[in-house]
Amino acid sequence: MAEASMNREQPVSLAVVEAVADREGIPPEELEPPLHDAIQTDALDALFDPVDSDRLPASLEFTYNGYVVSVEGSGEVSLEVAENEDASRVDPRPNDVSYC
């Protein structure tokens, strides 16, 4: 499982892109499909906005680019290879996320 800690001044969406790109061994701008095809990045960033730390979710999980992406309230981003290797590179239900 790859893990990355988010710089609290950096949007969580950027931390996710950087973690996946690092795992894939490519520059972030070369990731296909873009993260916004899998999840609404503005909403993701708003959920983990450190300005309103009393409302941070305990965790959020979604599928992107063949990985199950987990974001903890602390800002830690972790990746696990999605179990279904034949699954689409983007979750077919992009707005279906699980909150813990």
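Each reported figure results from applying straightforward, stated rules to the coordinates on display, with no laboratory input. As the structure is a computational prediction, the values presented were derived from the model and not from experiment. Here Cβ is always computed from backbone atoms with ideal geometry, including for glycine, and neighbour counts include all displayed protein chains.
Taking 7 Å steps out from each Cα toward its Cβ at Gln40 and Val81 produces label points 3.3 nm apart. Packing, as the average of other Cβ atoms within 10 Å across residues, places the peptides 69-77, 11-19, 41-49, 24-32 in the order 11-19, 69-77, 41-49, 24-32, highest first. Less than 5 angstrom separates the built amide H of Tyr64 from those of Val69, all sequence-distant by 5 or more or on a different chain. Remark on Gly73: its backbone amide H falls under 5 Å from those of Ser59, a criterion applied only to residues 5 or more positions apart or on other chains, H modelled at 1.01 Å from N.
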